[in-house]
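I have placed the structure first, in the form of structure tokens, so that the comments after it can refer back to it.
The values are calculated or read from the model by the stated rules, or taken from the named source; none is laboratory data. All values derive from a computational prediction rather than experimental measurement. For neighbour counting, all protein chains shown are included, and Cβ atoms are generated from backbone atoms with ideal geometry for every residue, glycine included.
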Amino acid sequence: MVVVSVLGGLLGGMGGFVLADRLDASAEQGTSAPPAVEDPAQDAPEASSPPPPAQADGTVSGLSQAVLPSVALISIGEDGELGLGSGFVVREDGYLLTNHHVVAVAGEEDAIVVELPGEDPMTAELVGSDPAYDIAVLRVDRTDLRPLAFAEADTVRVGQTVVAVGAPLGLDSTVTSGIVSAKDRPVVAGDTQESTSYISAIQTDAAINPGNSGGPLLDLSGRVVGVNSAIAQVPQAAGFGGPSGSIGLGFAVPAEQADRTATQLIETGTSEYPVMGVLVDLTYTGDGARVREEAAGEEPPVVPGGPADLAGIRPGDVILSVDGTEIRDSQHLIVVLRSYAVGDTVELEIRDGDDGSRTVPVTLAGSGG
């Protein structure tokens with residue numbers, strides 16, 4: 001199995017972004033899982049929010065016993081030949097959440113299998129997947145699963161104890177612990193334009209490794225605070241050898257984003273992320289993010305009738321901040337905007353071509369994930 005290298009695995013590039021390696025695992029390292037065949041699609045139930053596991057007692061041991069029955073090993077292809085990852089139950093009637101990049105390797109004829117601790121492997125269907133937030137939803141033919149609950153965003157604190165559960169290198173039911181090292185860490189992960197995720201991530205020093213992708217990061221009450229998605233690694237070019245495993249720099253999709261995206265996928269099979277309707281200038285090196293002055297092909301720099309256009313934003317304007325958060329560059333703007341929901345209104349500080357600045361409200365529209 002190999003780590004899927006996306007943007008070099010470096011910290012500190014691109015104005016403080018984490019260019020992270022994803023955590024799925026291919027079968028080249030020799031870990032296997034039973035094969036499966038996709039089931040036909042089934043209708044989604046209404047959303048519900050389960051309580052935290054009753055057995056979670058505030059200790060890592062108690063938490064582990066409570067949540068392990070809900071965390072799965074996921075394999076793609078016959079005997080896991082295409083890849084391995086993790087996932088966890090979000091609805092009792094068969095829905096599990098994982099990362100988009102875990103299942104993205106599966107073709108139409110490739111098997112997806114879900115294996116919960118102590119149970120036989122189950123065939124799974126892909127309900128939907130969103131590369132923008134690196135979230136996917138699977139469904140198995142069960143009605144008696146034990147779902148995990150999501151934590152509220154404002155309950156997550158830097159320094160609090162968290163526990164990562166998953167199947168690193170195919171070793172299912174692996175539990176590691178650490179703390180929340182940082183919040184709102186801008187992370188860019190992906191190996192193509194179509195699969196790149198821009199995440200305002202939770203950073204943790206809990207040991208997570210290839211195969212942990214899609215597994216939960218939990219607080220001690222048993223609630224999911226994030227979905228493990230990427231790690232920073234020491235680059236071979238820096239003279240420190242080849243790619244490593246965990247170096248204490250792991251990143252998770254925040255629970256609020258994961259829950260919102262999973263709910264959309266379950267209810268409609270698709271998802272959306274917030275946009276403001278501009279093209280940004282990736283060659284701009286000044287402070288903030290500059291709106292392109294010219295069209296890119298048939299795409300205008302400011303979409304007519306879009307949120308930015310309605311707010312009076314024009315080609316060449318520079319976006320300096322969003323709700324008081326200073327914008328470092330174009331990719332940082334994307335990360336910050338995607339931490340909001342479609343329909344949210346944000347205050348943008350804008351500098352126009354005459355170096356004057358103003359603040360304008362923008363209500364974010366939706367784009368398909």
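The table below lists the values:
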| quantity | calculated |
| --- | --- |
| Residues located in region 326-369, provided they are surrounded by fewer than 17 Cβ atoms within 10 Å (Cβ to Cβ) and closer than 26 Å to TYR133 by Cβ | GLU326, ALA341, VAL342, GLY343, ASP344, THR345, GLU347, PRO361, THR363, GLY366, SER367, GLY368 |
| Residues being crowded, with 16+ Cβ neighbours inside 10 Å, of a type in the set (Val, Ile, Thr) and within 14 Å of LEU333 (Cα to Cα) - total across region 261-298 | 4 |
| Exclusive hit being surrounded by fewer than 22 Cβ atoms within 10 Å (Cβ to Cβ), in contact (Cβ under 8 Å) with a residue 12 or more places away in the chain and more than 16 Å from SER213 (Cβ to Cβ), set GLU78, GLU108 | GLU78 |
| First in region 141-165 and among the aliphatic types (A, V, I, L, M) and assigned to a loop (DSSP other than H, G, I, E, B), second anywhere and at pLDDT below 95 and surrounded by fewer than 13 Cβ atoms within 10 Å (Cβ to Cβ), Cβ under 9 Å, 6 or more apart | ALA149/SER49; ALA149/PRO51 |
| Among (1) at pLDDT below 95; (2) out of contact with any helix residue (DSSP H, G or I) (no Cβ under 7 Å at 6 or more places or on another chain); (3) not hydroxyl-bearing (Ser, Thr, Tyr) - the single one PRO69 does not satisfy | (1) |
| Filter result for the condition that a residue is crowded, with 22+ Cβ neighbours inside 10 Å, assigned by TED's automatic domain parsing to the domain that holds ASN228 and more than 20 Å from ALA262 (Cβ to Cβ), over PRO117, PRO210 | PRO210 |
| Qualifying positions in region 99-135 - over 21 Å from SER229 (Cα atoms) and β-branched (Val, Ile, Thr) | THR123 |
| Options PRO301, PRO307; residue that is of a type outside the set (D, E, K, R), surrounded by 17 or more Cβ atoms within 10 Å (Cβ to Cβ) and over 26 Å from VAL187 (Cβ atoms) | PRO301 |
| Hits in region 97-153 (condition: among the charged types (D, E, K, R) and under 21 Å from the mean Cα position of the chain (by Cα)) | GLU125, ASP130, ASP134, ARG139, GLU152 |
| Qualifying residue in region 266-280 (condition: assigned to a helix (DSSP H, G or I), under 30 Å from ALA308 (Cβ atoms), of a type outside the set (Ser, Thr, Tyr) and at pLDDT 90 or above) | yes |
| Single match in SER181, SER173 (criterion: surrounded by fewer than 20 Cβ atoms within 10 Å (Cβ to Cβ), under 21 Å from ARG223 (Cα atoms) and touching a helix residue (DSSP H, G or I) at 6+ places or on another chain (Cβ under 6 Å)) | SER173 |
